[in-house]
1. At a Förster radius of 45 Å, what calculated FRET efficiency corresponds to the Cβ-Cβ distance of residue 205 and residue 10, to the nearest 0.05?
2. Note down the accessible area of residue 205, probe 1.4 Å, to the nearest 10 Å².
3. Can you give me the distance in nm between label points at residue 180 and residue 48, each placed 7 Å from the Cα along the Cα-to-Cβ direction?
4. For residue 121 and residue 35, calculate 0.36 nm times their separation in residues minus their Cα-Cα distance, and state this gained length in nm to one decimal.
5. What order do 44, 133 take when sorted by accessible area (1.4 Å probe), most exposed first?
6. Please list 7, 106 from largest to smallest accessible area, probe radius 1.4 Å, with all protein chains kept in place.
7. Among the GluC sites (Glu not before Pro) in the stretch 124-173, which ones are in a DSSP loop with at most 12 other Cβ atoms within 10 Å of the Cβ? Mind listing them?
8. Describe numerically, in nm with one decimal, the distance between label points set 7 Å from Cα along Cα→Cβ at residue 104 and at residue 161.
Amino acid sequence: MAAHSQERPETLTHPLSPRWLERPDGYRHFESAYFVGHGTETFDRCAEQLLHWEVKIRSGFDIEVNVDAVHVGSAGAVRRAAGAESTADGDARVDGVDSGLPPRVEPGQEPTIRVRLGPFRLPEPSRVIDVVDTEDRCGFTYGTKPGHPITGEESFILVRTADDRVFLVLRSVSRAGLGIWRLGEPFVRLAQIVYRRRYGRALRS
């Protein structure tokens, strides 16, 4: 795995730091590590899944990436409004690339993350701030945009330790969203607890 440019963007959750020491004022902070498994094979498999949004999708979200109208559904299929091809067996292809996985997370992406609540899809506009991809640390950080139920930032970081254990580390800073979302803050905080538990299970075999 190759690391991105050394000039990294400013983040509040410091995804490259083994210890999160600098925590901003005015936010609720959260950090937890979830055991995933052992070994290089586990790390590589989970890194690929993580960098294709699988943690979010498996936890109850749809991901809509605003890149040439590519849409990722709950089953991980990729659809394009125009310009999509189909293979002989019916699988979609985008720009000649097999679309078995959602689009890879990239810095600057502005996905709309939609949480599935029964028949409803609640949009959570976001922007990917940073992507980490090194030999023993992999993941991404996104920040919220106006219209999101909270204001803040969240990091999903896959870590391989010196004894070859693999963990998914979650870090986030959050506070009440703008406008009407301030009234729903207690519900939003409860939802955060539920979805963090799902994230912790999402990459386990």
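The values are calculated or read from the model by the stated rules, or taken from the named source; none is laboratory data. Everything numeric here is computed off the predicted structure, so don't read it as measured data. Don't worry about glycine lacking a Cβ; one is built from the backbone with ideal geometry, like all the others, and counts go over all protein chains shown. Side chains are part of the model used for accessible areas, which takes the heavy atoms of the whole protein and leaves out ligands, DNA and RNA. Shrake-Rupley method; radii C 1.70, N 1.55, O 1.52, S 1.80 Å.
1. On the way: r = 35 Å, r/R0 = 0.78.
In this case the efficiency is close to 0.80.
2. 130
3. 4.3
4. Details: separation 86, 0.36 × 86 = 30.96 nm, distance 2.98 nm.
My answer for the length gained is 28.0 nm.
5. Details: 44 75, 133 15 Å².
Sorted by accessible area, descending: 44, 133.
6. On the way: 7 165, 106 75 Å².
Most to least solvent-accessible, the answer reads 7, 106.
7. Numbers: sites: 135, 153, 154; in loops: 135.
Those that pass, being in a loop and sparsely packed, are 135.
8. Those two pseudo-labels are separated by 2.9 nm.
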